[in-house]
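For reference, the structure discussed in these notes is given below.
The values are calculated or read from the model by the stated rules, or taken from the named source; none is laboratory data. In this text, all values refer to a predicted model and were calculated from it rather than measured experimentally. Methodologically, a virtual Cβ is constructed for each residue, glycine included, from the backbone with ideal geometry; neighbour enumeration extends over all protein chains shown. We work out accessible area using only protein heavy atoms, side chains counted, and drop any ligands, DNA or RNA first. Shrake-Rupley method; radii C 1.70, N 1.55, O 1.52, S 1.80 Å.
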Amino acid sequence: MQIAEIKKEQQGSTGLKNISGSQAVLDAFVAEGVKTVFGYPGGAIMPIYDALYDYHDRINHILVRHEQGAIHAAQGFARASGQVGVIFATSGPGATNLVTGLADAMIDSTPVVCVTGQVFAHLLGTDAFQETDVINITTPVTKWNYQVTDASEIPSVMAKAFYIAKSGRPGPVLIDITKNAQLQLFETEEYQPCEHIRSYRPSPIVRKEYIVEAAKLINAAERPFVIFGQGVILGNAEKEFIRFIEKAGIPAAWTIMGMSAIPTDHPLGVGMLGMHGNYGPNVLTNECDVLIAVGMRFDDRVTGRLDKYARQAKVIHLDIDPAEIDKNVKTTVPVWGDCKETLPLLTSLVEKKLYPGWLQRFKDYQQKEEEKVIREELNPTNEILTMGEVVQLLNELTGGNAIIVTDVGQHQMVACRYAKFNQSKSNITSGGLGTMGYALPAAIGAAYGAPHRTTVAIIGDGGFQMTLQELGTIMQFRPNVKILILNNNFLGMVRQWQQLFHEKRYSFVDIQSPDFVQVAKGFGIPGQSVCERKDLKGAIKTMLDHQGTYLLEVMVGKENNVFPMVPQGRGVAEIVLCREDV
Amino acid sequence: MQKQEYTITVYTENQIGLLNRIAIIFSRRKINVESLNTSPSEVDSVHRFNIVITETEEVVKKLCRQIEKQVEVLKAYYNTNDEIVWQELALYKVPTAKIAEEVKVERLLREHGAHTVVIRKDYTVFAVAGHREETDKLIRVLEPYGLIEFVRSARVAIIKDSEGFHKKLKEFENREPSRQVIENEYLDKNREVFSM
């Protein structure tokens, strides 16, 4: 008898199906609307891959070249689409290779579900081949994790996994399934999505009296200032947020993770906060009288020295995660709850206002920054190419409609400083963890998450070499990714710090690179390298116009620095505009 | 803010791995756990942790929020020693011959509220339940008489003004629970957080 016939026979008339644990995993994916999975097979996950063979019409599996690539791709997918990114990896090394991505997804609140294979349950703890204690390794870097040793648990555990990953403050979930559970046949009813876990409160109840107090503070303010983070994007509250700032007339600055939640050219948008953010929002954080933080977590790269951060201000903090309230900055009025719910309530209570004099102060600082930093970066007076002018040309040619995925380092800061965005979910970067090697795989994921948009991965020469094996994934599956390498022949950000704070002792930052264009060629990806200004615009246009993935390397100034900068250990108001002031 | 002893009480689902999830919240911040006890609670299927640390209230409050953030944690409370009734159990093994010789020992043990668990020819085991100072004191008392072994349990504590968890759990099971259940109760109590 054929296997299919046996399965048919096993299906009773009770509505119960007899399926394997592996099928249950894939049925859960289908029921949750998963269409793309990033993964890599191996011994302990072979039953799932065997079942996957029969699901290829419903689930598109992208075979990456390294499990770290799989999870970063899933992260990029999640960030571009707003859906949960899904990963398969085998036990042992397959699972440990996920750890960096899990930590990244944890700190940047990215919803991903990893399914890892595990050795047979009877071998747990015996140091079996490719056995690792994955649950304990990943506990600090997952929102939730669980080991399945019996197939009957799989439907409810998968339902919980998706629910936990995407609800409340999103985060990574890992489900480790022993091989016996993948193989085991069991009877199950139709998949039921999870909607409630009694010990888990995804979003706290909104307390109206705190909103009233917050509105009172805002209405009485003379110099109110809004700072916002990724919470606005994760909460799908972009419209609610814009309505709030527009009615209240309050200038708003974004963190790196909040970027693109409002269009970069919004009249109330005053730029980026933080270490390499804009001059005005950093300095004026210490002059505002009411600071309204929305969906952000006061990271040290945003606050600088905490005892010199907004001491004069009354702080209103809107966040979905109660543990964020008072964690770093003492709050005057905590408004916990989903900002999609809290922002409209607040908007209805704030008075319609404008603060022309206060907004002008941001513009004055912007002008100073323009003169001292931006002008030279975007329109250099010498022949050396800057990262800023490349980003500027990209803005011009994409019209600000592209998804920009960045890696970590100088190019990341420059891209985030100068990139223009017209729509949300467009800036994808490793903000909290600062994971070099993130951009290439994340861009692959973003291309699947938003297939109708242009995805540009801006990467440094160092970061590109960390995960360039994913060019193989591009070669095989042909996602459309524009790879823009800004090559300064240095590990630029570390070099900048060595120059500024370590007496120019350039210790192991002179990284050598292969011929990137030749490397790409080896993977069947066309490309070119430019080092002269006259070729730059044409080259970017060629890259964008090309049907499919294209690699463009731009040779930029070796020892350019990113400014302004809040040097570590100083307050935000002590931001400096040039090397001489450090 | 002054550091002092706090007892954290955590109500959780009974799940493998949760102990580790809670323990790493302390170890990640390099905070020493002085005592940790896990046990069933007054509610069937709900587990109860008692954790003792010496820290400032601000730190304890943040720790409790991090604990409550864990998916399987129902609720975390923290209390000072005034707000709880607590006990630790200590066992002492002493040579039987020595105690038989010295009449004084029997009186000492009575004074410290010890009761005999086992009497054998070679040794006797006494048990004392009480606060740490009390159980510590008896070590010093018994040392001259050849204390062979000593062990003390983790702290178990009851919160004086708690109404138990039965009612709360009902609300947790409800999809639209009341505000008190959802919210961080410390924020309600603590005026300085909400200083208008």
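What shape does the range A:12-87 have by the C-alpha gyration tensor, where a ≥ b ≥ c are the square roots of the eigenvalues, rounded means a/c under 1.5, and otherwise prolate means a/b greater than b/c and oblate the rest?
Here the range A:12-87 falls in the oblate category.
Would you calculate the separation in nanometres between label points at residue B:38 and residue A:123, each defined as 7 Å from the Cα along the Cα-to-beta-carbon direction?
It works out to 2.7 nm between the two label points.
Here are some pairs, A:420/A:537; A:239/A:420; A:314/B:69; which of them have Cα atoms lying more than 22 Å apart in this structure?
A:314/B:69
Set Lys and Arg Cβ to +1 and Asp and Glu Cβ to -1, take the dipole of chain A about its Cα centre, and tell me which of A:268, A:402, A:219 lies farthest positive.
Highest projection toward the positive end goes to A:219.
Suppose a student asked you for the relative contact order of chain B, using Cα pairs under 8 Å spaced at least 6 residues apart; what percent would you report?
23
Using only Cα atoms, find the angle between the long axis of helix A:492-501 and the longest principal axis of chain A, and express it within 0 to 90 degrees, rounded to the nearest 10.
50
To the nearest 10 square angstrom, what accessible area does residue A:294 show with a 1.4 Å probe?
0
With every protein chain kept in the model, how would you rank B:82, A:515, A:150 by accessible area, 1.4 Å probe, largest at the top?
From most accessible down to least: B:82, A:515, A:150.
Explain nothing, just the number: dipole magnitude of the range A:385-559 about its Cα centre with +1 on each Lys and Arg Cβ and -1 on each Asp and Glu Cβ, in debye rounded to the nearest 20.
340
With unit charges on the beta carbon (Lys/Arg positive, Asp/Glu negative), name the residue among B:131, B:86, B:117 whose Cα is farthest towards the positive pole of the charge dipole of the range B:85-152.
Positive-most Cα among the choices belongs to B:117.
Only residues of the range B:117-160 count here: report those whose backbone N is under 13 Å from the spot 7 Å along Cα→Cβ of residue B:101, or say none.
Inside the label zone: B:144-147.
How big is the charge dipole of the range A:86-213 about its Cα centre, in debye rounded to the nearest 20, if each Lys and Arg gets +1 on its Cβ and each Asp and Glu gets -1 on its Cβ?
About 460 debye.
Please check chain A for the longest run free of GluC sites (Glu not before Pro) that are loop-located per DSSP (anything but H, G, I, E, B) and have at most 12 other Cβ atoms within 10 Å.
Excluding the exposed sites themselves, the longest stretch runs over A:1-188.
Mind pulling the angle between the C-alpha long axis of helix A:238-248 and the longest principal axis of chain A? Nearest 10 degrees, somewhere in 0 to 90.
Helix A:238-248 and the main axis of chain A meet at about 30 degrees.
If I take every Cα pair under 8 Å that is 6 or more residues apart in the range A:3-188, average their sequence separation and divide by the length, what percent do I get for the relative contact order?
Normalised by residue count, the contact order of the range A:3-188 is 27 percent.
Rounded to the nearest 10 Å², what accessible area does residue B:155 show when all protein chains are kept and the probe is 1.4 Å?
Result for residue B:155: roughly 10 Å² accessible.
Rounded to the nearest 20 debye, what is the charge dipole size of the range B:85-152 about its Cα centre when +1 sits on each Lys and Arg Cβ and -1 on each Asp and Glu Cβ?
The dipole of the range B:85-152 has a size of about 120 debye.
With every protein chain kept in place and ligands, DNA and RNA left out, what is the accessible area per residue of the protein assembly as shown? Probe 1.4 Å, answer in Å².
42
So for the range A:130-255, taking the charge dipole from beta-carbon charges (+1 Lys/Arg, -1 Asp/Glu), which of A:229, A:167, A:184 sits furthest toward the positive end?
After comparing all options, I get A:229.
Considering Cα pairs under 8 angstrom that are at least six residues apart, work out the relative contact order of chain A and quote it in whole percent.
14
List the residues of the range A:193-226 whose accessible area drops by at least 40 Å² when all protein chains are present, compared with their chain alone, using a 1.4 Å probe and counting only protein heavy atoms.
Output list: A:196, A:198, A:199, A:201, A:205, A:207, A:210, A:213.
Compute the acute angle (0 to 90°) between the alpha-carbon long axis of helix B:132-142 and the principal axis of greatest extent of the alpha-carbon atoms of chain B; round to the nearest 10°.
Helix B:132-142 sits at roughly 10 degrees to that axis.
Take the Cβ-Cβ distance between residue A:236 and residue B:150 as r, set R0 to 56 Å, and report the resulting FRET efficiency rounded to the nearest 0.05.
0.40
Please list, in order along the range A:559-576, the HN-Hα scalar couplings obtained from phi with the Karplus expression 6.51 cos²θ - 1.76 cosθ + 1.60 (θ = phi - 60°), rounded to whole Hz, x for Gly and Pro.
10, 6, 10, 8, 9, x, 8, 9, x, 4, x, 10, x, 4, 6, 8, 4, 10
At a probe radius of 1.4 Å, figure out the B/A buried accessible area, summed over both chains, and give it in Å² to the nearest 100.
Using a 1.4 Å probe, the pair buries roughly 3200 Å².
What part of the accessible area of the range A:385-559, given as a whole %, is carbon or sulfur when the probe is 1.4 angstrom?
Carbon and sulfur atoms account for 52 percent of the accessible area of the range A:385-559.
Give me the one-decimal nm value for the distance between modelled label points at residue B:31 and residue B:82, 7 Å along each residue's Cα-to-Cβ direction.
Between residue B:31 and residue B:82, the label points sit 2.1 nm apart.
Which residues of the range B:16-31 show a drop of at least 30 Å² in accessible area when all protein chains are present, compared with their chain alone (probe radius 1.4 Å, heavy atoms only, ligands and nucleic acids excluded)?
Buried-area filter returns B:20, B:21, B:24.
Report the local net charge at residue A:250: Lys and Arg +1, Asp and Glu -1, summed over other residues whose C-beta lies under 10 Å from its C-beta.
+2
At a probe radius of 1.4 Å, what is the per-residue accessible area of residue A:210, in Å² to the nearest 10?
Looks like 10 Å² after rounding.
Among rounded, prolate and oblate, which fits chain A when a ≥ b ≥ c are the square roots of the eigenvalues of its C-alpha gyration tensor, a/c under 1.5 means rounded, and a/b larger than b/c means prolate?
oblate
Provide the FRET efficiency to the nearest 0.05 for the residue B:5-residue A:328 pair, computing r from the beta carbons and using R0 = 35 Å.
0.85
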